[in-house]
Amino acid sequence: MKCEMFTELIPDYLAGYLDSDTKDQIASHIKECSKCKHELEQFEATWEKLGELPENEPGPALRENFYSMLEI
């Protein structure tokens, strides 16, 4: 696996969207490539922090603004 392909697959890897063969290729690649291993570690840290963000809730004026928009 080339580094460019690895970088493109990181989000899908972290989200668990990849098949087992591709996961195995990634595991092999990061054993051999310290640069990509470091990049994966950075992405993992960011991924974890994103999971800690609170979900946005709609504001109280959402319904009123929606119906106002429909009247135009």
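Miscellaneous remarks
- A 1.4 Å probe run over the chain, with the rest of the protein chains in place, finds 86 Å² accessible per residue.
- Here, the chain has an Rg and a Dmax of 19.8, 61 Å when only alpha carbons are counted.
- Restricting the GluC sites (Glu not before Pro) of segment 36-72 to loop positions (DSSP other than H, G, I, E, B) with no more than 10 neighbouring Cβ atoms within 10 Å leaves GLU52, GLU55.
- Percent carbon-and-sulfur accessible area, segment 1-45, ignoring ligands, DNA and RNA, probe 1.4 Å: 48
- Span from the segment 3-22 Cα centroid across to the segment 35-72 one, whole angstrom: 22
- FRET efficiency for the pair ALA27 and LYS49, taken as 1/(1 + (r/R0)^6) with r the Cβ-Cβ distance and R0 = 35 Å, rounds to 0.90.
- Of GLY51, GLY59, GLY16, the one that fluctuates the most in a GNM where the chain has Cα springs shorter than 10 Å: GLY59
- Ordering ASN65, LEU18, SER28 by the projection of their Cα atoms onto the charge dipole of the chain, which places +1 on the Cβ of Lys and Arg and -1 on the Cβ of Asp and Glu, puts SER28 at the extreme positive end.
- Most mobile of LEU18, LEU40, LEU53 in a GNM of the chain (Cα contacts under 10 Å): LEU53
- Partners for LYS2 among aspartates and glutamates (Cα-Cα distance below 18 Å; same-chain residues under 8 apart left out): ASP12, ASP19, ASP21, ASP24, GLU32, GLU39, GLU41
The values are calculated or read from the model by the stated rules, or taken from the named source; none is laboratory data. It should be emphasised that the depicted structure is a prediction, and the values quoted were computed from it without experimental measurement. Cβ coordinates were reconstructed from backbone atoms using ideal geometry, including for glycine residues, and neighbour counts include every protein chain displayed. In case anyone asks, the SASA skips ligands and DNA or RNA and just uses the protein heavy atoms, side chains included. Shrake-Rupley method; radii C 1.70, N 1.55, O 1.52, S 1.80 Å.
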